[in-house]
1. Determine, for each peptide in 25-35, 105-115, the mean count of other beta carbons within 10 angstrom over its residues, then list the peptides with the highest first.
2. Per-residue HN-Hα couplings for the range 132-139, Karplus 6.51 cos²θ - 1.76 cosθ + 1.60 at θ = phi - 60°, whole Hz, x for Gly and Pro?
3. If one puts a single equal scatterer on every Cα of the chain and applies the Debye formula without solvent, what log₁₀ I(q)/I(0) results at q = 0.09, 0.12, 0.19, 0.20 Å⁻¹?
4. Which cross-chain or sequence-distant (5 or more) residues have an amide H under 5 Å from the amide H of VAL63, H modelled 1.01 Å from N in plane?
5. If I compute solvent accessible area with a 1.4 Å probe over the protein chains, what percent of it on the chain is carbon and sulfur?
6. State in Å² the accessible area per residue of the chain; use a 1.4 Å probe, count heavy atoms of protein chains only, and round to the nearest integer.
7. So what is the calculated 222 nm ellipticity per residue for the chain, using -39500 (n - 2.57) for each DSSP H run with n of 4 or more, over all residues, to the nearest 500 deg cm²/dmol?
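The values are calculated or read from the model by the stated rules, or taken from the named source; none is laboratory data. Please read all numbers here as calculations on a predicted model, not as lab measurements. Positions of Cβ are generated from backbone atoms using ideal geometry, with glycine treated the same way; all protein chains shown enter the neighbour counts. SASA here: full protein model, heavy atoms, side chains in, ligands and nucleic acids out. Shrake-Rupley method; radii C 1.70, N 1.55, O 1.52, S 1.80 Å.
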Amino acid sequence: APRLRAFGPFDALHVHGDMADFLAARALARRLGVPVLAATVHDALTPRSRKLARRALGAYALVLATGREEQETLQALLGRPVHHLPSAPAPAFADVTPEPPAWDVIGVGGLLAKKRPDLFLDCAARRPDLRFAPLGDGPLRPTLEARRRAEGLGNVALLGSRPPAEVAQALARARVFLSTSRTEGTP
């Protein structure tokens, strides 16, 4: 907080994350003297996060949810308006030139435990005749790279993060889109 004060004063704090992040941000806002809190809920709500929602989001002046079900659930839990703000695809997704398939199976998402990118490698090990390309980056990338090398999975390319236009083109050039996530706020 002392380092952040050098950039202040702040009029508002907008937080993306889970209920623990929303609780922690409330404490940070108090220390920084931030008068207005806003939250965007991206994940699907779990029974545990539903229990925490009132406490975690009660002090937030504005609550947004990317999923319609989450918006309705939070609105009922908080007893006040929660706004639905669906994640919209970037304009690049409407401007794709069809080309021959580059990948058999593609996925897009953070390389995080809840996104289950390890399942891409499981599938690739079972189907060496198919080419797999998960797009995204995150803390599991070194583990996935090491496993890919150790198992000799030459049919997997970890493509990392890409700009929206490249993601759109990669999706258009794949035969199958595979989502391995356990939860998605906006699938």
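1. Working: 25-35: 15.4, 105-115: 19.2.
Top of the packing list down: 105-115, 25-35.
2. With the stated coefficients, the range 132-139 comes to 10, 9, x, 9, x, 9, x, x Hz.
3. For the requested q values the scattering log ratios are -0.45, -0.74, -1.17, -1.22.
4. Those qualifying (amide H under 5 Å, at least 5 residues apart or on another chain) are ALA39, HIS83.
5. Numbers: 6220 of 10830 Å².
Carbon and sulfur: 57 percent of the exposed surface of the chain.
6. Numbers: 10830 Å² over 187 residues.
For the chain, the solvent-accessible area averages 58 Å² per residue.
7. Working: 7 runs with 68 residues, N = 187.
The helix contribution divided over the chain gives -10500 deg cm²/dmol.
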